[in-house]
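Before any comments, here is the structure.
The values are calculated or read from the model by the stated rules, or taken from the named source; none is laboratory data. Just so you know, these numbers come straight off a predicted model, no measurement behind them. Note that each Cβ is placed from the backbone with ideal geometry, even for glycine, and that neighbours are counted across all protein chains shown. Keep in mind that these areas ignore ligands, DNA and RNA; they rest on the heavy atoms of the full protein, side chains included. Shrake-Rupley method; radii C 1.70, N 1.55, O 1.52, S 1.80 Å.
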Amino acid sequence: MKIIDYNKILNKKDITNKAYKICNNVSFPVEYLDVYDHLFG
């Protein structure tokens, strides 16, 4: 299942923001930096 459409214009911050928003929408407790580190760490 594709959650975020890949777009070469998006940077790491934009991608992290979108993933973080998804986590918040489903009440998944996570910190912004944890999302960033998980995606790009």
List pairs: first in segment 13-28 and closer than 12 Å to F40 by Cβ, second of a type in the set (V, I, T) and in a helix (DSSP H, G or I), Cβ under 8 Å, 6+ apart or cross-chain?
T16/V35; A19/V35
Answer residue from segment 9-39, given it is open to solvent by 90 Å² or more (accessible area, probe 1.4 Å) and outside any helix (DSSP H, G or I) and is modelled with the highest pLDDT among those
E31
